[in-house]
């Protein structure tokens, strides 16, 4: 008797349905049919173009399915695949889920922020050619340059040992590297990364400003050559694709860049450095409103990596965490025995009474003249763009305001225009008041453009440059200004806060702060912290070479604790004052804040909706450890013709508050049809 074998099972057909997440504020995904021609191309982590409503939308494939609860005839079909390979892989799936849960955004919004919309991956050969032209530093002899590690001081050696032990432990840790300006923090980053590369692992180094990127890239390339990839918003589409593919293939294992570099697709991630970790530029302004420092810490947990937070003026939250169960490494001395610059505070109340109105005091002008006479360099900080902050009528006292926003227009002399720094509305600067048509407009309050003009008047033979958002719009403008100052083609540099962060010019011996009060008078509980940070960081630009440094700070509030602490380079004094206030008012780090902003076409409608939302939140919060403040007008109550009202929620942890919000807000993060902006840990 012959036993007949059962026929082999029929091969299972490949999944033909894709679950797709879109960059929209909807807490759901969508199912699409995969056409036969795309069966091999569509995979999880691939971006696809698909019909969505009446238009085509780019979405991310989350997973493939055999079936859908929606009948096949009702499913739309994917039109094309955007990427040749997945752009989301590994731990970044879990990272996206965390972003969604913590920052109250949809999964599609979280995935979208991790992959630049302009990213268009090409063939490896084209990418390599572009990458080599962009990322490798070649010396005059045609060879790739490399530098050896510097000899470390005793305190640097102790700090490096702590970091290396953490790297070798293969478990996630966060280390706060609190080093005064010019204490050699960057050298510790470089040596730690070098140790990591020998183990076959990778690293990310974040810097807060594109202005810092040229200097940082130069130091990293000199040490690690073509293993360095650059990542920031000024890259061309071709450069971005080249850098992405080199990182994915492991050809570049060190990524240097601004905020979004925290999502770089590195494999075997072992270290994330967040340089100048206190800087507010690490906070994303659009959804999802993440903070790169917090994302770095969570990503490190997923990969058993180490996070090093470096700063001369750590954020209050980071310093509190480091001294309450965390790891703190201190570098209290400058390298090579250099001393901190002498800081002098100029009381502008006294200056005002004995001199003509102007942005520069007599003492600062004399110091600048002495610097010019010695052939040295100077830097001047004023954290305000434009020529004048206010255009005011001399007759009726009316201030010219933006027609779309509730803010005064800023006068820019180079364009002869009044400009809104929020919505970019602009109009020609008139002589007569547009309100009364009688009085002449007077321009008051100085900006960087005014200071530059004043310097040219006082020092007509000096080489002067300005660095702010107006002068750095070009793709290579930051590099050009940096090179001009480094090569001493520029003797005086005036700029906004972007010149206060990490720039290292050894010939700068004088630093002037034109107004220390610009941040101090803001309605923000962090006003003192921001003032201390900015003054201390700016002071740190002086005396980084062989000559001693001098710092002059102009202020109308010379006795404020933030200014006095900055004068003495005394972080401990500042922190003691600040943490006492935060503890008393239950502000971060003793609570988390979540700001809700309702936007309406009229003030009355926005206010009414905010009050109704507040009522629903209070009912949902009963019995929970949460507090609600507001509603109140937003800091900018009208923006681009939209009225804004805000509420603030306080909670010990974030996730329960976000979960409560998901239950109260309607689909699309709306409340009775009105958009609601959710900002977790707002700055």
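For residue 330 and residue 636, a Förster radius of 60 Å and the Cβ-Cβ distance give a FRET efficiency of 0.95, rounded to the nearest 0.05.
Going by average Cβ neighbours within 10 Å, how do the peptides 580-586, 295-301, 330-336 rank, with the highest at the top?
On the way: 580-586: 12.1, 295-301: 21.4, 330-336: 16.9.
By packing density, highest mean first, the sequence is 295-301, 330-336, 580-586.
Please determine, in degrees from 0 to 90 and to the nearest 10, the orientation of helix 124-135 with respect to the longest principal axis defined by the Cα atoms of the chain, where the helix direction is its Cα long axis. Roughly 10 degrees between the two axes. Annotation: the antiparallel percentage among DSSP beta bridges lying fully within the chain is about 55. The length gained by stretching the chain between residue 27 and residue 584 to full extension, at 0.36 nm per residue less their Cα-Cα distance, is 196.8 nm.
Which whole-number percentage describes the relative contact order of segment 592-680, with Cα contacts under 8 Å and a sequence gap of 6 or more?
Taking the mean separation of contacting Cα pairs over the length of segment 592-680, I get 45 percent.
The mean sequence separation of alpha-carbon pairs under 8 Å and at least six residues apart, normalised by the residue count of the chain, gives a relative contact order of 12 percent. Would you please state which residues of segment 219-250 a label at residue 49 would reach in this model, taking the label point 7 Å out along Cα→Cβ and a backbone N cut-off of under 20 Å? Under 20 Å, as judged by backbone N against the label point of residue 49, lie 237-238, 241 of segment 219-250. Summary of the geometry: segment 306-379 and segment 422-436, compared by the centres of their Cα atoms, lie 37 Å apart.
Legend: ranking of residues 440, 103 from fewest to most surrounding C-beta atoms inside 10 Å; resulting order 440, 103.
Axis angle, to the nearest 10 degrees, between helix 237-249 and the longest C-alpha principal axis of the chain: 60 degrees.
Using DSSP, restrict attention to beta bridges with both residues in segment 12-116 and report what percent are antiparallel, rounded to the nearest 5. Could you put the intermediate results ahead of the total?
Numbers: 18 of 19 bridges.
If I count the DSSP bridges inside segment 12-116, around 95 percent turn out antiparallel.
The candidate values are [x] 1.00; [y] 1.03; [z] 0.98; the one derived from this structure for Rg/Rh (Cα atoms, Kirkwood Rh) carries the label [x].
For an R0 of 35 angstrom, estimate the FRET efficiency from the Cβ-Cβ distance between residue 456 and residue 233 and round to the nearest 0.05.
Details: r = 32 Å, r/R0 = 0.90.
Computed FRET efficiency for residue 456 and residue 233 comes out at 0.65.
Whole Å is fine, so just give me how far the alpha carbon centre of segment 585-617 lies from that of segment 161-189. Their Cα centres are 40 Å away from one another. Relative to the current alpha-carbon distance between residue 226 and residue 417, full extension at 0.36 nm per residue lengthens the span by 64.2 nm. Return one number: the angle in degrees, 0 to 90 and rounded to the nearest 10, between the long axis of the Cα atoms of helix 213-224 and the longest principal axis of the Cα atoms of the chain. Roughly 60 degrees, rounded to the nearest 10. Computed from label points 7 Å out along Cα-Cβ, the spacing between residue 667 and residue 480 is 5.1 nm.
Just so you know, all these numbers are worked out from the coordinates, no wet-lab data involved. All values reported here derive from a predicted model rather than from experimental measurement. FYI the Cβ positions are ideal-geometry reconstructions off the backbone, even for glycines, and counts take in every protein chain you see.
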